[in-house]
Each structure stands twice: as structure tokens, then as C-alpha cells.
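Take a look at the structure set out below.
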Amino acid sequence: MFTNTTCERFYYLVDAVVYLVDAADKERFAESKKELDGLLSDDSLANVPFLVLGNKIDIPIAASEEELRYYLGLSNFTTGKGNVNLSDSNVRPLEVFMCSIVRKMGYGEGFKWMSQYIK
Ligand SMILES: Nc1nc2c(ncn2[C@@H]2O[C@H](COP(=O)(O)OP(=O)(O)OP(=O)(O)O)[C@@H](O)[C@H]2O)c(=O)[nH]1
């Protein structure tokens, strides 16, 4: 089992972060935001791309992408889908993609987006 302390020792090896959120569990969005904020403010992850996946969109009550951005406090921080060159900036790549892992949909676009930022 990794404790937070154990994980922190390995952060310098991290090429990217994939943060999976259950988009159908709105009651836990505040908890998800808190955890995500902790990672986003960690100095050792400052230049690491973040892919936020909103999972379980096959469930009708799942949040929309816009709602998820809002509840996670990311509305003004996402950097754009497609090919966005951020290499000349100090901006950390961060995007939200919605997916359903059981239906095998959505996450491929996210991983493709993320791969352009992995050196
Ligand atoms: N409907 C649906 N179910 C999914 C999807 N992905 C995973 N699951 C199901 O979610 C269950 C696993 O629960 P998770 O939500 O991953 O929760 P967990 O991390 O085990 O536990 P929690 O911390 O309580 O959320 C399994 O039954 C999976 O089959 C999806 O895209 N759609």
C-alpha cells in the first residue's frame, strides 16, 4: 500500500498524472477537488501534464464535462484540447475528458491529448 509519504518520494519520476473522477458521484466532488488541489499545488508536479477523466458517463445522472470542470474548480485552468503548443509557456497542460471505462469510450482521446506533452 502507498501512503502519501511513500508516493511523494516517487513524484520526481512522474511523467503525467491521470486523475480519474466518478462523474456520477456528485456527493464526492468536494473530496475529489480537495485531493486534486493537493496534487496540483505540489511543487514536484508543477510541470507535469494532468489528464482529468470524468468516468461513468454511461450513467444518466453523471455530470456533464462543464459541470465537472466547475465542481473541480478547473473552469479557468484547462489548456485546450487538440494540439496546443505550451512549450514556450510556463503553463502546465491540463484537460478534462469524459469517459466510460466499462463502455471503453472517451479515455482514448484523453490519453492521445496527454501523449503530446510527455517528453
Ligand atoms: N457504470 C459504470 N461503472 C463503472 C465504470 N467504470 C467502473 N465502473 C464500476 O465501478 C465499480 C468500481 O467502483 P469505483 O467507482 O471505481 O470505486 P472504487 O474506487 O472502487 O471505490 P470508491 O472510492 O468508493 O469510489 C466497479 O463495479 C466497476 O465496474 C463506468 O464507466 N461505468
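Throughout, read-outs are computed from the coordinates displayed, never taken from laboratory work. Bear in mind that the values here come from a model prediction, so they are computed numbers and not experimental data. Cβ coordinates were reconstructed from backbone atoms using ideal geometry, including for glycine residues, and neighbour counts include every protein chain displayed.
Evaluate the charge dipole of the stretch 4-115 about its Cα centre and quote only its size in Debye, nearest 20, assuming +1 on the Cβ of each Lys and Arg and -1 on the Cβ of each Asp and Glu.
Charge dipole, the stretch 4-115, about its Cα centre: 240 debye, nearest 20.
Choose one of Ala23, Gly106, Ile57: the residue whose Cα lies farthest towards the positive end of the charge dipole of the chain (beta-carbon charges +1 Lys, Arg; -1 Asp, Glu; about the Cα centre).
Gly106
How would the chain be classified by its alpha-carbon gyration tensor: rounded, prolate or oblate, with rounded meaning a/c under 1.5 and the a/b versus b/c comparison settling the rest?
Note, shape of the chain comes out oblate.
Please report, in cubic angstrom per residue, the volume enclosed by the convex hull of the alpha-carbon atoms of the stretch 26-83.
Convex hull volume per residue, Cα atoms: 95 Å³.
So for the chain: antiparallel DSSP bridges make up what percent, rounded to the nearest 5?
If I count the DSSP bridges inside the chain, around 10 percent turn out antiparallel.
So what is the relative contact order of the chain, in percent, for Cα pairs below 8 Å that sit 6 or more residues apart?
29
Can you give the calculated 222 nm mean residue ellipticity of the chain, where each DSSP H run of n ≥ 4 adds -39,500 (n - 2.57) and the sum is split over every residue, rounded to the nearest 500 deg cm²/dmol?
Mean residue ellipticity, 222 nm, calculated: -7500 deg cm²/dmol.
Given the peptides 84-97, 42-55, arrange them by the average over their residues of other C-beta atoms within 10 Å, most packed first.
Answer by packing, highest mean first, reads 42-55, 84-97.
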